[in-house]
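Chemist: Structure incoming, see below.
The values are calculated or read from the model by the stated rules, or taken from the named source; none is laboratory data. Remember, predicted model here, so these are calculated numbers, not experimental data. Note that we place each Cβ from the backbone using ideal geometry, even for glycine, and neighbour counts take in every protein chain shown.
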Amino acid sequence: MLRRNNGKTAKAMGPEGFFRGPVRTCTICGCKASKELLCRFVWQGQRPVMDVRKRMMGRGAYCCDRERCVDGFLAREKKWKIAFRL
Ligand SMILES: [Zn+2]
């Protein structure tokens, strides 16, 4: 099975606005998308908290809104250290 998801093929996902504005990478699956389309997490002392309005202070980490990425992000402490530079 050939799987390509290295950002270069992501443009095929749709001509309209997938790359509008700042682009961020999903911490879990590595796909790239406009910041607005990704979930943002902010480090809150001991654990990441989802920043629903994307207005919280602090270093943000992004992951796409796929359930397995969000769940995966919340379950993987090793990812937090990289994403939040702990
Ligand atoms: Zn993802």
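Chemist: I need a count of the residues in region 53-80 that are in contact with a strand residue (DSSP E or B) (Cβ under 8 Å, 6 or more places away or on another chain) and more than 16 Å from the ligand (Cβ to nearest atom).
Modeler: Summing the residues that are in contact with a strand residue (DSSP E or B) (Cβ under 8 Å, 6 or more places away or on another chain) and more than 16 Å from the ligand (Cβ to nearest atom) in region 53-80 gives 5.
Chemist: All but one of (1) touching a Pro at 6+ places or on another chain (Cβ under 9 Å); (2) in a loop (DSSP other than H, G, I, E, B) hold for ALA61; state the number of the condition that does not hold.
Modeler: It fails just one condition, (2).
Chemist: Any residue in region 9-38 that's within 9 Å of the ligand (Cβ to nearest atom): show its pairings with residues that are of a type in the set (Phe, Trp, Tyr) and at pLDDT below 60 at Cβ separation under 9 Å, as long as the two are six or more apart or on different chains.
Modeler: Pairs found: ALA33/PHE18.
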